[in-house]
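Participant: Okay, here's the structure, questions in a sec.
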Amino acid sequence: MAHIEIIDQTIRDGNQSLWGMRMQAGMALPVAPLMDRAGYSVVDFVGSSMFEVMVRHAREDPWEGLDLIVRALPNTRVRAGMRCHGIITMSVTPNDLMDLWVRRLCAHGVRSFWIHDPLHCNLDKLHRLAKVAKEYDAEVVLALMYSVSPVHTDGFYANAAARLSASADVDRLILYDMGGIMVPERIKTLVPAILENCNGKPIEVHSHNVTGLAPLVYLEAINQGLNIIHTCARPLANGSSLPSIEMTLRNLKLAGHTYGIDSTVLAPISEHFERVARTAGFQIGVPNEYDLWMYEHQVPGGMTGTLKNQLAQHGMEERLDEVLQETANVRRELGYPAMATPFSQLVGVLAVMNVVTGKRYASIPDEVIQYAYGWYGAPVAPIDPAIMDRIDSHPRAKDFRNSQPPNPSLSEIRKQYGNVSDDELILRFLVAEHHIDAMRAAGPVRRDYPVLQDPTLEKVRQIMTASTAKHLMLATEDFKLELRR
Amino acid sequence: MAHVEIIDQTLRDGQQSLWGMQMRAGMALPVTPLIDRVGYDVVDFVGSSMMEIMVRNFAENPWEGLDLIVESMPRTKLRAGLRNTGIISMSVTPECLMDLWVTRLCEHGVRSFWIYDVLHWNIDKTHRLAGIAKQYDAEVVAALMYTVSPVHTDEFYGQKAHLLSNSPHVDRLIIYDTAGVLTPERCQTLIPSIQAHCNGKTLEIHSHNVVGIAPLTYMAAIDLGVNVIHTCSRPLANGASLPSVEMTLRNLKLLGHTHRLDAKLLPTIADHFERVGKTAGYTLGVPNEYDLWIFEHQVPGGMTGTLKNQLAQYGMADRLDEVLREVAAVRRDLGYPGMATPFSQLVGVLSVMNIVNGERFKTIPDEVIQYACGHYGQPVAPIDPNILDRIMSAPHAKEIAAHPPPQPSLETLRAQFGGVDDDELILRYLIAQPFIEKMHAAGPVPRTFPTFLDPQLERVLDLMEDSTARHLQLSDAELKLELRR
C-alpha cells in the first residue's frame, strides 16, 4: 500500500501524442486554475518543439503563453523537458544555447526539468544542464529511455542509473517508455536493478498506453517500490498517449493505494478538453487493442503518423508495415539507438527512403553520418560493419569524420542574431524570422478558445466543413434541413 | 507454433455485447456470403433471446432470418447456443421443449451447439441435449463458465471438465469468460488442469476484451495448447465484446502461428458493419482502458448498460458504482453463481432493489427463491445462512418450494398452444401472441438494410437525431444551413 504522487502530462505529452502539439495556451488557460488545485506535484508543459509549433502554426508567442500558464498554476511546479544535446529536432545545439534555454525557462518560472539522452552517454552535458537548473533551485529529473534490444539489459539500465544519479544536482530519475513497450514482467527485474543503483533517488515512471498495458505496468512498478506516475486527462489519454488520470485513480484505490489528488476537479477539466478537441477537430484518445507489432518495430505512436505522411507523398501508403519492419532492421544496424528524438526520426527517414527507393542506404542523411562519427555520443552497440562501410564511403563522410559539432560561444551567437533579447534569440534560433514576424503581427496570445457547447451547433459545424454539395435538402415529418452554398 | 482455428462471433456475441442483439437478418445478409468464404470453422448466430428480440422489436420472423443466413453460408457450420435449463431468460423450460428447440434448430440447418449451465450442475441435461444434436450429426461444445471466486478453483474446473466431456455426444469444451476476467497468469494453472481431465477433447477459448487483456489471454492459451479462439469483425469487437479478428490475425502471425482465414475479405465485412452501426445508431466497439473494478464486480459488459437503465428508472443513475459493489456482495451471499444468464440478471435485479430500497433483500424475486430451492440445480457454494433464511421467509417461498418447475409433455404443450407447427409453438412459448401476429402481418424478412454511404448524409442523420432546436440557421461565406421542425 503506497502513497502515489501523480504528474500531469495532459498539456505536454498528451498534447504531443494526440494533438500534434497544437494546443494553444488559450485552450488550457480556462482550466489551468482547476489543474492547479487537482494536487499534481508537477504539470509538464514546455518543450522546444512545442515552441516551434506555436510560432509557426498558431502565430502565438510561446514565452507569453508560458508566462500565462505559470501564473495560472501558482501551487504546482511547471516542468520543461529537453534532449541534452539539442533543442532542434535532429541536430546538435551549442552548449551555451542549451544553458541559455534552461536559464530563460527558469526565469519564466519553470521549476522542474526532465532531461534525456537516448544514448545515456553524455553525462557531462546532462550534469552541466542539471547544474544550471539548480542555480534556480529547479528540480532535475534525468531519464532512462526504455528500449528493447540485446544491449538494453537490466544491467545496462542499472549502470546508466548509477551514472546519471551520481551528481548532487540530480534529484530524480525517470523510467521513460515512449514506445509503450514496457511489460509488467520486465518491470519485475528492471525496477529492482535500477533501485539498487540510483543512489537512493526517487524514480518516476512514464509509460505510453500504446498496447493497453501501461496501467498494468504502473501497478507492477508500484509493487516494486516506485510511486511517481504520469497520467493525462481522459480526452488526452490513451492511444499513443499515457493512461488516464480518471482510470488510474480508480485502479489505485482498488489496489489499496492512496494519493493526494482532488478527483472532483477532474470531470470539468476533461469535459473542457473534450469540447476543445471537438471544436478544433483534434483527436480524442481512445485505448488501442493489444498489438504485438508495436514490440517488434518500437516506433512511438506519434511517429507512425509521420511515416504514413511521408509514404503518402510517394503514393506508397500501403507499404507502412514494410517501413515499420525496415525501422526495426535499420535500428539494429545502427546499434540500437532508443526510439526517441533525434534517433526515431533518423531511423524513420532512413527506413522510408530504403523502402521507397528499393535500395537500402542509397541515400544517407548527414545526421546519420554525424551519429556514426559520434556527434551525439557513442552508440550503445557497434554499428553494423557493412553499414559503417557504406557510411565511410559516402561523399559527405569527410566533412564529419574526425570533427565535432560546431560549438560557438553565446557572444558569437548573439553577434550572429543581432541585438535582441535572449528570449528572442532562442526563438530566432528555433524558427525562421518571417514566422516570428507573422507571430508578432498576430497580436497578444488569446486567453481562451471559443468552444461550441451545443452538440447541434457542433454537428452543424462538421457538416459545413465536410460538405461539398452545392445544395442539399432533406426533410422528414418533423424536420427540415437545407444546405446551400 | 500452432495452427489456430477461429470462430466468428460477429453475428452473435459481438452484436449481443454491443448492439443489444438488435442486428436484423438484413443487416448481415449483404456480407454473409463473404463471411462464408473467410474460412471460419464456425459462425455463431442463434440464441433464443435474439429470436425474442427479432419478433418483439422488429416484427421479423427469426426462423425465416435463420434460413436466409444458413442458405447464404453453405461452407460454414452455423452455431446456436443454449442454457441447458431454459430458453427464456430467467426461468426453467420443460425438457421436451428444450429438446424440440434443438431439433428445430437442426432442421433449419444449425450444425454446431454450445450448451452451458452456469452452475455446472445439470450435466445430465447437457448430455441429453447433446444426444439430440448428435441425431443430426451436429457438433456439441459444452461450456466451462469462467468466474473468479473461492470455489471456482482450478480443481473445480478440472472436475467439471471431466464430467462434461464424459459423453460421446460432447465433441469439445469451451472456456467461456463472459466478464473478461481471465488473465494470462490464471491460464497457466487453469488450462493444464482442464486438459488433464477433458478426455482428450478439443478446447475452445472465448474471452471478452473488457479490460484489454483478452488478446494476451488468447496468446497464453495457445501456448498452453488451446487452438480454437473466438473473435469478431472490428466494429463489433472490443469493449464489452471479443478481440477483433483483424488484430488477432496480426498477433498470431507475429508469433509464428498459422490460420486458414482469407484476411483480404475482412475489411469489406468490417466496413459494412461499420456503416450499418452508424446508420442504425448502434455502438461501435472500441477497446476499454484497463480497469481493476471489473475484476471486483465481474459484471459482463452488456449488463452494466442494463443496470444503468434500471437505476435511471428510479432517478438514481449516479449510484451505479454502489450497485456494482452490491453485485459483488449479493453474488457472494448467493454462493457465487457465475455471472451469466439467468444469474447475472438475478444478482443484478437484487442488487438494484437492495440499493433502491435502502434495505438488503427486502424484495426477493420468485426466481431467487427457485434458485434457493435448487430448481436450477445445486449452488456451487452454500447460500449465506442468514440470506437463505431471508429468502425462505418471503411470502411466496413455501408455495414455490412445493412446486418445482412443471415438466409437461410435448402433447400437453401442443394442446395448450393449439394446433400450430413446432416453429410457431416455440415462438409462442417465447413471446406473447400479439407480437407474433404483428410479425406475420409485417411480411417477409427484409434482405438488406439501407445504409448511408455518403459521409455527409451520415452527419445530417446524426444532426436530425440529436437536434432539439425548432429552428436553426447558420451561414458562412460559402455555405448556408437551415434546420426547421
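Participant: Would you mind finding the one in A:THR279, A:THR327, A:THR264 that is more than 11 Å from every other protein chain (Cβ to nearest Cβ), modelled with pLDDT of 90 or more and over 23 Å from the mean Cα position of the chain (by Cα)?
Facilitator: A:THR264
Participant: I've got another one for you. Is there a residue in region B:297-309 that is within 14 Å of another protein chain (Cβ to nearest Cβ), touching a residue at least 12 places away in the same chain (Cβ under 8 Å), out of contact with any helix residue (DSSP H, G or I) (no Cβ under 7 Å at 6 or more places or on another chain) and surrounded by 17 or more Cβ atoms within 10 Å (Cβ to Cβ)?
Facilitator: Yes - at least one qualifying residue is present in region B:297-309.
Participant: Which one is nearest to B:VAL210 (Cα to Cα), of the residues in region A:276-299 that are open to solvent by 30 Å² or more (accessible area, probe 1.4 Å) and among the small types (Gly, Ala, Ser)?
Facilitator: A:GLY281
Participant: Got a sec? Which helices (runs of 4 or more DSSP H) wholly within region B:1-48 have at least 2 residues that are at pLDDT 95 or above and either open to solvent by 20 Å² or more (accessible area, probe 1.4 Å) or closer than 23 Å to B:MET219 by Cβ (or both)? I'd like the intermediate steps shown before the answer.
Facilitator: Values: elements: B:15-18, B:25-28, B:32-38.
Because the criterion is at least 2 residues that are at pLDDT 95 or above and either open to solvent by 20 Å² or more (accessible area, probe 1.4 Å) or closer than 23 Å to B:MET219 by Cβ (or both), the helices (runs of 4 or more DSSP H) in region B:1-48 that meet it are B:32-38.
Participant: In region A:174-189, what count of residues is obtained for those that are in contact (Cβ under 8 Å) with a residue 40 or more places away in the chain and more than 14 Å from chain B (Cβ to nearest Cβ)?
Facilitator: The number of residues fulfilling the criteria is 6.
Participant: Where residues in region B:249-265 are of a type outside the set (Ser, Thr, Tyr) and more than 14 Å from chain A (Cβ to nearest Cβ), which of them is most open to solvent (accessible area, probe 1.4 Å)?
Facilitator: B:ARG260
Participant: Name the one entry in A:MET339, A:MET353 that is free of Cβ contacts under 8 Å to residues at least 12 places away in the same chain and either open to solvent by 50 Å² or more (accessible area, probe 1.4 Å) or within 27 Å of the chain's Cα centre (by Cα) (or both).
Facilitator: Values: A:MET339 fails: free of Cβ contacts under 8 Å to residues at least 12 places away in the same chain.
Criteria check complete, one pass: A:MET353.
Participant: Please state which one of A:ASN197, A:ASN251 is touching a Ser or Thr at 6+ places or on another chain (Cβ under 9 Å) and in contact (Cβ under 8 Å) with a residue 24 or more places away in the chain.
Facilitator: Just a single option satisfies the conditions, and that option is A:ASN197.
Participant: Also, quick follow-up: Anything in region A:283-300 that is within 11 Å of another protein chain (Cβ to nearest Cβ) and assigned to a loop (DSSP other than H, G, I, E, B)? List them, or say none.
Facilitator: Result: A:ILE284, A:GLY285, A:VAL286, A:PRO287, A:ASN288, A:GLU289, A:TYR290, A:ASP291, A:LEU292.
Participant: Give A:GLY285, A:GLY315 a once-over and let me know the one that is at pLDDT 95 or above and either touching a helix residue (DSSP H, G or I) at 6+ places or on another chain (Cβ under 6 Å) or farther than 18 Å from A:ALA214 by Cβ (or both).
Facilitator: A:GLY285
Participant: Filter region A:223-248 for residues that are under 16 Å from A:SER41 (Cβ atoms), in a helix (DSSP H, G or I) and either without any contact (Cβ under 8 Å) to a residue 40 or more places away in the chain or open to solvent by 10 Å² or more (accessible area, probe 1.4 Å) (or both) and give the result.
Facilitator: Within region A:223-248, A:THR248 is the sole residue that qualifies.
Participant: Got a number for residues in region B:145-175 being open to solvent by 50 Å² or more (accessible area, probe 1.4 Å) and outside any loop (DSSP other than H, G, I, E, B)?
Facilitator: 4
Participant: Which number in (1) in contact with a Gly (Cβ under 8 Å, 6 or more places away or on another chain); (2) open to solvent by 10 Å² or more (accessible area, probe 1.4 Å) marks the one condition that A:HIS85 misses?
Facilitator: (2)
Participant: Inside region B:218-245, can you point out the residues that are outside any loop (DSSP other than H, G, I, E, B), at the interface with another protein chain (Cβ under 10 Å from one of its Cβ atoms) and buried (at least 24 other Cβ atoms within 10 Å of the Cβ)?
Facilitator: Listed by number, the residues that qualify are B:TYR218, B:ARG234, B:SER244.
Participant: Next question. For a quick check of your reading: which helices (runs of 4 or more DSSP H) sit entirely within region B:341-412 and have at least 3 residues that are open to solvent by less than 30 Å² (accessible area, probe 1.4 Å)?
Facilitator: Passing ranges, in order: B:343-357, B:366-372.
Participant: So, one more: Which condition number in (1) under 19 Å from the mean Cα position of the chain (by Cα); (2) on the phi > 0 side of the Ramachandran plot is the one that B:VAL110 fails?
Facilitator: Among (1) under 19 Å from the mean Cα position of the chain (by Cα); (2) on the phi > 0 side of the Ramachandran plot, the lone unmet condition for B:VAL110 is (2).
Participant: Where in region A:413-471 are there helices (runs of 4 or more DSSP H), lying fully within it, with 1 or more residues that are of a type outside the set (Gly, Ala, Ser) and at pLDDT 95 or above?
Facilitator: A:422-430, A:433-441
Participant: Follow-up. For region B:266-278, which residues satisfy the criterion of being open to solvent by 20 Å² or more (accessible area, probe 1.4 Å) and in contact (Cβ under 8 Å) with a residue 60 or more places away in the chain?
Facilitator: Of everything in region B:266-278, those that are open to solvent by 20 Å² or more (accessible area, probe 1.4 Å) and in contact (Cβ under 8 Å) with a residue 60 or more places away in the chain turn out to be B:THR268, B:ARG275, B:LYS278.
Participant: As an exercise: evaluate A:THR258 against (1) of a type in the set (Val, Ile, Thr); (2) closer than 27 Å to A:LEU226 by Cβ; (3) within 14 Å of chain B (Cβ to nearest Cβ) and give the number of the one condition it does not meet.
Facilitator: (3)
Participant: Across region A:134-165, which residue is farthest from A:CYS121 (Cα to Cα) among those that are open to solvent by 30 Å² or more (accessible area, probe 1.4 Å) and touching a Leu at 6+ places or on another chain (Cβ under 8 Å)?
Facilitator: A:ASP154
Participant: Is it the case that region A:7-17 has a residue that's open to solvent by 10 Å² or more (accessible area, probe 1.4 Å) and among the hydrophobic types (A, V, I, L, M, F, W, C)?
Facilitator: The answer is no; no qualifying residue exists.
Participant: What number of residues within region B:280-296 satisfy the criterion of being in contact with a Ser or Thr (Cβ under 9 Å, 6 or more places away or on another chain), over 19 Å from B:CYS232 (Cβ atoms) and open to solvent by less than 40 Å² (accessible area, probe 1.4 Å)?
Facilitator: Here the count works out to 1.
The values are calculated or read from the model by the stated rules, or taken from the named source; none is laboratory data. Because the structure is predicted, anything quoted here is derived from the model rather than measured. As a convention, Cβ positions derive from the backbone with ideal geometry for all residues, glycine included, and neighbour counts pool all protein chains shown. Ligands, DNA and RNA are excluded from the accessible area calculation, which covers all protein heavy atoms including side chains. Shrake-Rupley method; radii C 1.70, N 1.55, O 1.52, S 1.80 Å.
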